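Step one of this worksheet: look at the structure below.
The values are calculated or read from the model by the stated rules, or taken from the named source; none is laboratory data. Treat the numbers as computed from the prediction; the structure is a model and nothing was measured. In this analysis, Cβ positions are derived from the backbone assuming ideal geometry, glycine residues included, and neighbour counts consider all displayed protein chains. Surface accessibility is based on the protein's heavy atoms, side chains included, excluding ligands, DNA and RNA. Shrake-Rupley method; radii C 1.70, N 1.55, O 1.52, S 1.80 Å.
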Amino acid sequence: MPRPSPMRGLLAACTLALAATTLPVDAFVGNLRGPKVEGDLALPGLSAPVRVLRDEHGIPYIFAANTPDLIRAQGFVTAQNRLFQLEGLRAIATGRLAESVGEGGLASDRQIRLLGLRRNAERHAKLLSPEARDFLMWFAEGMNAYISVHGDDHPLELKLAGFSPRPWTLEDMVTALHLGNWTQAANFKAELTMQKLIDKFGADKALRELAPLNVNPFRTQQSVIVGDAAGAQRLGDVELLAGLDAPDSLLAPLAPLAVGSNNWAVGKSRSASGAAVLVNDPHLDARLLPGVWHPIGLFAPGIQAVGAAYPFVPGIQIGRTAHAAFGVTNAYGDSQDLFIEKVAPGQPDHYVDGAQVRPFQVIEEVIRIKDKDAAGGYREEKMTIRATVRGPIISGPILGYDGEALLSLRMASAELPGGGLGVEKLLTARNVAEVDQAAQAIDVIYFNYVFADKAGGIGHRSTGRVPVRASKQGSHPKPVGATDDWRGFIPPDQMPGTLSPGRDWVGTANHDNRPDGYAFDYSSYFASSYRIRRMIEVLDQAKGMRTADQSALMMDAQNLQAPRLVPALVAALQADAANADLARILASWNGRDDKNLAAPLIYHKLYERLAYETYVDEMGDKLARDWLGQWYAWQERFDELVKTPDSPWFDDTRTPQKETLPDLVKRVAAAIRSELQARHGADPAKWKWGDEHRIAFVSPLRRSGTGRDFLGYAEAPMSGSGATLLRALNPFMGGFGVEFFASMRLVADMGDDDKIEAVVAGGVVDRQFHPHQKDQLPAWSEGRLLSWWFAPAQVEAHAVKRQQLLPK
């Protein structure tokens, strides 16, 4: 990926920013220099001085005399580097974005208030253990010290966006965690889509032919858990919701945390070092600079840790300690259900709950909206929310559901039992068994933790709280029954997981990881199996793997979905003289989604359009796009359908003749050929996947239009796809711009006590023009890893900035 000219980019950025604000030029110069990372700074609340060393990439390594001071200093340093991002996150999570950015934040605020993230967080905060409360508050105390004592060091983006930092509370910290929970566990759009399919085709056909086909290659028998068709109901004319998105304002400070990811750990028998190795590349929409992850090193008595953290979470979520290494993928545990409520006859303010009639809970919310035309600069909007014992009524325009049914949304996050967070135990876990225990305590975040320890142990555990359902399904809305459908939660030690597997490696790729005979309805929504299959292909044969081999596997663009479809495509196109050249290109393709090849562009264009043409005649355009827009919901199902070329689904019901798969392939090929020739020339052999499959990193100050690449990072072609380990996922039929990809890459070899090797898609500091805002992108785009220092002596040797934080 080419780098823009620093001087030209800086000049253009300054011109654009100065045109949009009256801030003085020295504010922009200060942003380039800040934050202050040398000399002494006050951090009230410390019990002893803390040293902060920074390497050439600006990664902070914190040395403290005790754990409370260590976490306070982490909060302080995180605020130094990411205060703009943190304030934007809090504004979104608490439903107070419009208070800062005006009308552009109102839709998000309405959604968040309706969902009740803050209400759930306030309940949860009261139930936390003293240990968990302290862990969060030490971090908040550090952030608050930077906010209150060092206002002259704050980033100019805060003023540009209209944010006025205020102290963080325990409830703020927990609310941020609940926003993370929501972005991971929000499956109710998939439930409504499934319900729409039931309405359209009937429960039997919809559940038998269109429900997700979930595949675990490690399992001897595959299964689809969708519930009993007899229990499904038609709801009438259901209008599907658009889903919760962060606002599209240019000043929106945080991209949605939609998640995917790969992780694996290999044991001693498969590594060159003779030690266990942990590998992780979490897939997020990290296009908004400086990215999602905040690299950090933490050193105190009993703690030696280097890795990356969400900016709002203390400790590290990915990385290694002196004893263990751990990484995460999204587990897709289903923690949300939609219930069909019934208003009590003759009592519009009551609902039926089994044999009882209960009054709706009524919740009043007031949203404050920045408005220069209103008295005092703000106006207010009042919201009235109704809720049942299961959760808020979501029917209505706020979440885009305007159907006739009265739907409530039940979320496990509203019913968490309290206690610890689990993340506070990761820093001191001494082996895989203790990492597993820490992971089992994590109830608010839905991760697949994969881990390794110093002795060579490896393991996996899924986290979060998933309900045990009497109905055995969470794939579509269900009527309220005579008894509660939720019968507690899956015991943490019975969540999917394994320790010391016989194959001496373990990995996850958002796939269905339920083993044979798994007793619980854990989820009905998982990634297709192609990434985990590629992992199996390589790791089952691996011996003597070096860090370079692990890195190469993260960058692997081999598409194992293609062999399932390419033979059918080639056979159909070979019989079509007008497109025989496309058949030749596909027939000679090695299956790699290489940005310099023509075949991937032809294949993916055919694949998307073929899926659409297969279903649009029966579903209509809107339902087809809504369903197909959820890749995981249909890919394995469709790829199996291709084995039956005369399936009725391939017949276009809008024509008098009967079509088969080859007929649709020929029709689609003619259409996409015309489109691609118009953009890339007449000769398909000269087309390239990277001509359309491209990635761009953007500044929150200029997400599109003139100056986007100057303030961000120049758009460039990218290999990979949604089906490859080199994840580069684009929206369905929304163009091939890459939206989800490796937000960081990490290899932690437990035999290397000097360093881990990692890179983030961006940088450390969230200030425009700062040298560490995007300085890791050249390495990221080239597939290189950087040294993040683990040994204190190596940190000292590579320090380029030194700072001391002093008690006031």
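Collect the residues in the range 630-686 that are in a helix (DSSP H, G or I) and among the basic types (Lys, Arg), keeping them in residue-number order.
Scanning the range 630-686 gives 637, 666, 667, 673, 679, 686.
Identify, please: which residue in the range 375-407 is within 30 Å of the chain's Cα centre (by Cα) and under 13 Å from residue 192 (Cβ atoms) and is, among those, modelled with the lowest pLDDT?
402
Here are some conditions: (1) out of contact with any helix residue (DSSP H, G or I) (no Cβ under 8 Å at 6 or more places or on another chain); (2) outside any loop (DSSP other than H, G, I, E, B). Residue 484 meets all but one. Which one does it not meet?
Among (1) out of contact with any helix residue (DSSP H, G or I) (no Cβ under 8 Å at 6 or more places or on another chain); (2) outside any loop (DSSP other than H, G, I, E, B), the lone unmet condition for residue 484 is (2).
Can we say residue 779 is surrounded by fewer than 24 Cβ atoms within 10 Å (Cβ to Cβ), farther than 30 Å from residue 299 by Cα and more than 21 Å from the chain's Cα centre (by Cα)?
No, not satisfied.
Considering the range 608-646 alone, what residues qualify as being loosely packed, with under 15 Cβ neighbours inside 10 Å and either more than 17 Å from residue 201 (Cβ to Cβ) or among the hydroxyl-bearing types (Ser, Thr, Tyr) (or both)?
Residues satisfying the conditions are 640, 643, 644, 646.
Would you check if there is a residue in the range 575-584 being open to solvent by 60 Å² or more (accessible area, probe 1.4 Å), of a type in the set (A, V, I, L, M), out of contact with any helix residue (DSSP H, G or I) (no Cβ under 8 Å at 6 or more places or on another chain) and farther than 18 Å from residue 280 by Cα?
Yes, some residue in the range 575-584 is open to solvent by 60 Å² or more (accessible area, probe 1.4 Å), of a type in the set (A, V, I, L, M), out of contact with any helix residue (DSSP H, G or I) (no Cβ under 8 Å at 6 or more places or on another chain) and farther than 18 Å from residue 280 by Cα.
Return yes or no: is residue 550 of a type in the set (S, T, N, Q) and farther than 20 Å from residue 687 by Cα?
It is true that residue 550 is of a type in the set (S, T, N, Q) and farther than 20 Å from residue 687 by Cα.
What helices (runs of 4 or more DSSP H) completely inside the range 143-220 contain at least 3 residues that are under 30 Å from residue 133 (Cα atoms) and open to solvent by 10 Å² or more (accessible area, probe 1.4 Å)?
Passing ranges, in order: 170-185.
Among the listed residues 104, 95, which satisfies the condition of being closer than 27 Å to residue 397 by Cβ and at pLDDT below 95?
None of the others qualify; the one that does is 104.
For residue 42, indicate whether it is open to solvent by 10 Å² or more (accessible area, probe 1.4 Å), under 15 Å from residue 301 (Cα atoms) and more than 30 Å from the chain's Cα centre (by Cα).
no
Across the range 525-541, what is the total count of residues that are open to solvent by 10 Å² or more (accessible area, probe 1.4 Å) and small (Gly, Ala, Ser)?
Final tally of qualifying residues: 1.
Quickly run through the range 363-389 and pick out the residues that are open to solvent by 30 Å² or more (accessible area, probe 1.4 Å), among the aliphatic types (A, V, I, L, M) and not in a strand (DSSP E or B).
375, 389
Determine whether the range 77-92 contains at least one residue that is more than 24 Å from residue 59 (Cα to Cα), in contact with a Lys or Arg (Cβ under 9 Å, 6 or more places away or on another chain) and not in a loop (DSSP other than H, G, I, E, B).
No - not one qualifying residue is present in the range 77-92.
Any chance you could count how many residues in the range 487-503 are in contact (Cβ under 8 Å) with a residue 24 or more places away in the chain, in a strand (DSSP E or B) and either more than 30 Å from residue 270 (Cβ to Cβ) or over 27 Å from the mean Cα position of the chain (by Cα) (or both)?
Count: 1.
So, in the range 341-376, exactly how many residues are in contact with a strand residue (DSSP E or B) (Cβ under 9 Å, 6 or more places away or on another chain), under 28 Å from residue 486 (Cα atoms), touching a residue at least 24 places away in the same chain (Cβ under 8 Å) and of a type outside the set (S, T, N, Q)?
Residues meeting the conditions: 10.
Take the residues in the range 676-696 that are in contact with a Pro (Cβ under 9 Å, 6 or more places away or on another chain) and not basic (Lys, Arg); name whichever of them is surrounded by the fewest Cβ atoms within 10 Å (Cβ to Cβ).
So the residue we want is 677.
Is at least one residue of the range 672-687 of a type outside the set (S, T, N, Q) and touching a strand residue (DSSP E or B) at 6+ places or on another chain (Cβ under 8 Å)?
For the range 672-687, residues of a type outside the set (S, T, N, Q) and touching a strand residue (DSSP E or B) at 6+ places or on another chain (Cβ under 8 Å): absent.
Restricting attention to the range 62-73, does a residue exist that is in contact with a Phe, Trp or Tyr (Cβ under 6 Å, 6 or more places away or on another chain), at pLDDT below 95 and open to solvent by 20 Å² or more (accessible area, probe 1.4 Å)?
So far as the range 62-73 goes, no, none of its residues is in contact with a Phe, Trp or Tyr (Cβ under 6 Å, 6 or more places away or on another chain), at pLDDT below 95 and open to solvent by 20 Å² or more (accessible area, probe 1.4 Å).
Go through the range 504-521 and give me each residue that's surrounded by 15 or more Cβ atoms within 10 Å (Cβ to Cβ) and in a loop (DSSP other than H, G, I, E, B).
Residues satisfying the conditions are 504, 509, 510, 511, 512, 513, 514, 518, 520, 521.
Just the residues that are surrounded by 21 or more Cβ atoms within 10 Å (Cβ to Cβ) and modelled with pLDDT of 95 or more, please, taken from the range 414-424.
Within the range 414-424, 414 is the sole residue that qualifies.
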